[in-house]
1. In the stretch 13-261, with Lys and Arg counted as +1 and Asp and Glu as -1 at Cβ, which of these residues, Ile184, Phe206, Leu43, has the Cα nearest the positive end of the dipole, that is, farthest along it?
2. Could you identify which residue out of Thr289, Thr28, Thr160 has the top mean-square fluctuation in a GNM of the chain using Cα springs shorter than 10 Å?
3. Choose one of Val291, Tyr239, Ile278: the residue whose Cα lies farthest towards the positive end of the charge dipole of the chain (beta-carbon charges +1 Lys, Arg; -1 Asp, Glu; about the Cα centre).
4. Classify the stretch 13-261: rounded, prolate or oblate, from the alpha-carbon gyration tensor (a ≥ b ≥ c, eigenvalue square roots; a/c under 1.5 rounded; otherwise prolate if a/b is larger than b/c)?
5. What figure, in Å² to the nearest 10, do you get for the accessible area of Asp46 with a 1.4 Å probe and non-protein molecules left out?
6. Would you mind working out the magnitude of the charge dipole of the stretch 264-395 relative to its Cα centre, with +1 at each Lys and Arg C-beta and -1 at each Asp and Glu C-beta, to the nearest 20 Debye?
7. Once you order the gyration tensor axes a ≥ b ≥ c over the Cα atoms, which shape class does the stretch 1-90 get: rounded for a/c under 1.5, otherwise prolate or oblate by comparing a/b with b/c?
8. Rounded, prolate or oblate: which fits the stretch 264-395 when a ≥ b ≥ c are the square roots of the eigenvalues of the alpha-carbon gyration tensor, with rounded for a/c under 1.5 and prolate only if a/b beats b/c?
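The values are calculated or read from the model by the stated rules, or taken from the named source; none is laboratory data. These numbers come from a predicted model, not from an experiment. Methodologically, a virtual Cβ is constructed for each residue, glycine included, from the backbone with ideal geometry; neighbour enumeration extends over all protein chains shown. Surface areas here come from the heavy atoms of the whole protein model, side chains and all, with no ligands, DNA or RNA. Shrake-Rupley method; radii C 1.70, N 1.55, O 1.52, S 1.80 Å.
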Amino acid sequence: MAKKENKFKGYDIATQAVHTGTDYDMATGAVRRPLYMANSYKLPDDLSQVNYSSTDLLMYARNGNPNQHWLEEKIAAMHEADDAIVLASGVAALHALFWTLLKSGDRVVYPNVSYMAVYRMFHELFNQKFGVETVIVDMTDLEAVKKAIVPGTRLVHIETPGNPTVGITDIEAIAAIAHQNGAILSVDNTFASPFNQKPLEFGADFVVESLTKFINGHGDAQGGAILSNDLETMDRIRYEAQVNVGSVISPFNAWQIFRGSATFPLRMQRINESSQKIAEWLAQRENVTFVAYPGLPDDPGHEVAKKQMKNGFGGVISFGVNADDKTVEHLCAALRIVTFAVSLGHDESLIFPQPSYDERINLYPEKFRRGFIRFSVGLEDAAELIEDLDQALHSVGL
Ligand SMILES: *Cc1c(COP(=O)(O)O)cnc(C)c1O
């Protein structure tokens with residue numbers, strides 16, 4: 001697909017978030033992009049040039065829609081990437097990338113800490129269904145990574161900070177090892193968001209974002225994006241995964257995310273600040289057994305995070321309490337401001353316990369195996385969030 005020129009190239013992400021991809025509506029003069037809910041578009045009189053498996057022409061909803069294209073321009077600009085593909089969810093984006101890059105017999109190296117669906121795809125689906133060799137490694141251990149990424153490895157996938165332990169992986173170091181061995185590096189950047197981290201700068205070949213999280217930011221739309229400068233592979237992904245597997249985003253979700261993302265840099269700035277305060281408070285709170293947040297100076301990922309996270313350390317904090325699963329549930333349910341729900345990156349703060357019976361718990365570092373809670377910091381007043389956490393901890397005797 002021919003990429004639109006970015007009129008705001010070189011501008012700050014705050015300016016890009018407001019202006020890139022938007023313009024007044026030619027038909028009416030409205031200063032907002034309209035929502036185009038249409039399944040098909042008028043065909044040209046001469047059909048000889050039409051390629052029904054491409055996204056070049058607005059033709060049918062699965063080949064793309066204008067709201068998707070405008071959002072792609074904006075997300076690409078935020079990452080200073082040459083191209084973006086926006087799909088139905090973060091997982092659709094991850095799957096589209098893996099599906100297009102991998103074939104039977106290929107080797108994938110992926111982290112011990114990753115989004116649940118990534119674990120499912122590699123631990124269970126791509127290997128059993130398609131004979132892809134999938135290898136788990138602790139990406140914070142560079143010696144182990146060097147052993148796992150051998151020549152012939154097709155893809156290395158990382159997540160930093162990782163969901164749910166908020167561990168940090170050195171993108172530049174992994175990119176070097178991957179490239180020395182002829183492998184491609186993809187990075188799930190959802191926890192950091194492009195306000196804090198742009199993995200292409202550090203040598204990543206592909207970046208995936210769940211737009212459902214911080215970029216939309218209002219908990220009311222689902223979408224995902226793939227970013228890259230490899231235009232040829234990006235078109236291959238459009239062909240293989242969007243048009244012929246069907247992972248396109250709906251115009252309405254694209255419109256919602258486009259709207260939500262105008263305030264994304266401003267929200268992220270506040271979320272970074274509040275998260276730092278809350279992490280520091282938790283770190284000194286009695287009865288909190290550990291706090292994982294890369295903004296804390298003694299966090300094992302702090303030095304690497306300082307190098308690759310430019311504006312802050314993100315909005316997810318993991319912490320532990322010395323309590324069983326039931327007590328942790330009571331704690332989460334006792335919060336008054338914070339919502340007890342999955343997901344992250346919403347306007348409201350969200351909390352989600354990681355139970356000790358999770359099948360992946362033994363893949364995580366030891367301290368995460370008891371009383372482990374993931375907290376996504378929202379836009380509420382930070383002092384009130386701290387008070388809320390404090391009263392909920394007290395309410396269960398902690
Ligand atoms: C939520 C999430 C995803 C998946 O995104 P969806 O939009 O829910 O499909 C992928 N990676 C990470 C790190 C996430 O937190």
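1. Toward the positive end, the furthest listed residue is Leu43.
2. Thr28
3. Tyr239
4. Note, shape of the stretch 13-261 comes out prolate.
5. 90 Å²
6. 440 debye
7. Prolate.
8. Cα axes put the stretch 264-395 in the oblate bin.
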